[in-house]
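First the structure, in the form of structure tokens, and then the observations on it.
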Amino acid sequence: MGILEKIAEIEREISRTQKNKATEYHLGLLKAKLAKYRAQLLEPSKSAGAKGEGFDVMKSGDARVALIGFPSVGKSTFLSLMTSTESEAASYEFTTLTCIPGVIQYKGANIQLLDLPGIIEGAAQGKGRGRQVIAVARTADVVIMMLDATKGDVQRELLEKELESVGIRLNCPKPNIYFKVSQHVNLNMTAEIFNAEVLFREDSTPDEFIDVIVGNRVYMPCLYVYNKVDQISIEEVDRLAHRPNSVVISCGMKLNLDYLLEQLWEDLALICIYTKKRGGKLFFGSSIYTSVEHVCHRIHRTLASQFKYALVWGTSTKYSPQRVGLTHIMEHEDVIQIVKK
């Protein structure tokens, strides 16, 4: 019996098992097995098959955003509107067959936007190019789930299920659970945990505890973007717009794209840092991450090894300028001057 058959069998057993205190332990074991088999689906194949063309895109810029959605929802049109990259768009399905990268320039930041091929139901089990698409999505900082507003909530529910099944947790925090294996024994090629330290710092569900044990879960923000709102009623537009983490747009009529960019910027949580030469003027134009060490790496890969100290002006300091080290956490619109050894 293959992995897919095992997953299907466990899912059937879970669905026909009544949920009560007497079956909690049995359901927990089933969910743990299900998580293990789904994790195995993400492992690279040992066969010497050719790599998927166009999927090994190098991560660049200050952040990466993945466009996920079913075929013909407007992903390619959206990429062409937001970046200088032209992605083929047509009225038929599966126009995009590879990963098409583009760059959004916003508030001094270079945001890499990936137009991924449309996925179909069952992508998590390998249908279509689902595994490759999902593998790229796991490397993103934010997921934009592009949805067809004329299809209601059907597409959203199906895509959430596909991503959930492969360990991508959307818009939820990582469980605050400390877990450390103290001792384990290998039996029949399966690691069985016999002794572990576990500390629950908050109320958690069995599924969240399984996620911590498995350890390969990815927690990321997701923006649900409903396209083609010019084709539905104003009442339906209002309903979709008031859903959490949702934005309504029309690529055809170029509606609400500015607001979408603002929401994307908030989800990325980037900060803007200004650099200053000794005795010189401020240099405006660098959007980077938080610590002084990140700033050094963003300027040059060898700068951190030559770092002596830095002077920082801004809200992250008690006084301006303040002399700080590599671990100092920067805040939005701080100014930094780096001194080398």
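The sole residue among L4, L29, L81 that is at pLDDT below 80 and open to solvent by 30 Å² or more (accessible area, probe 1.4 Å) is L4. Of the strands (runs of 3 or more DSSP E) lying entirely inside the range 184-278, those carrying at least 3 residues that are at pLDDT below 90 and of a type outside the set (D, E, K, R) are 190-200, 271-276. Checking each residue of the range 197-208 against the condition of being touching a helix residue (DSSP H, G or I) at 6+ places or on another chain (Cβ under 9 Å) and buried (at least 18 other Cβ atoms within 10 Å of the Cβ) gives no match. In the range 310-327, the residues that are on the phi > 0 side of the Ramachandran plot form Cβ pairs under 9 Å with partners that are charged (D, E, K, R) and open to solvent by 30 Å² or more (accessible area, probe 1.4 Å), at six or more places apart or across chains, as follows: G314/E331; G314/E333.
Scanning the range 142-154 for residues that are at pLDDT below 90 and not charged (D, E, K, R), we see that the one that is surrounded by the fewest Cβ atoms within 10 Å (Cβ to Cβ) is V154. Note on the range 246-261: residues that are open to solvent by 30 Å² or more (accessible area, probe 1.4 Å) and in contact with an Asp or Glu (Cβ under 9 Å, 6 or more places away or on another chain) total 3. The sole residue among A48, A66 that is modelled with pLDDT of 85 or more and of a type in the set (G, A, S) is A66.
Look through the range 155-180, keep the residues that are assigned to a strand (DSSP E or B) and exposed (fewer than 14 other Cβ atoms within 10 Å of the Cβ), and return whichever of them is modelled with the highest pLDDT. Please lay out each step first, then the result.
Filtering the range 155-180 for residues assigned to a strand (DSSP E or B) gives 168-170, 177-180.
Okay, now just the ones that are also exposed (fewer than 14 other Cβ atoms within 10 Å of the Cβ), so 178, 180.
Numbers: Y178: 86, K180: 83.
Only one residue fits best here, namely Y178.
Look through the range 282-293, keep the residues that are at pLDDT 75 or above and not charged (D, E, K, R), and return whichever of them is most open to solvent (accessible area, probe 1.4 Å). Ranking the qualifying residues of the range 282-293, first place goes to S291. When the range 219-245 is limited to residues that are of a type in the set (S, T, Y) and either within 20 Å of F70 (Cα to Cα) or open to solvent by less than 20 Å² (accessible area, probe 1.4 Å) (or both), the one that is farthest from the chain's Cα centre (by Cα) turns out to be Y226.
The values are calculated or read from the model by the stated rules, or taken from the named source; none is laboratory data. From a predicted model like this one, the values you see are computed outputs, not experimental measurements. Cβ sites come from the backbone with ideal geometry, for glycine too, and all protein chains shown count toward neighbours. Surface areas here come from the heavy atoms of the whole protein model, side chains and all, with no ligands, DNA or RNA. Shrake-Rupley method; radii C 1.70, N 1.55, O 1.52, S 1.80 Å.
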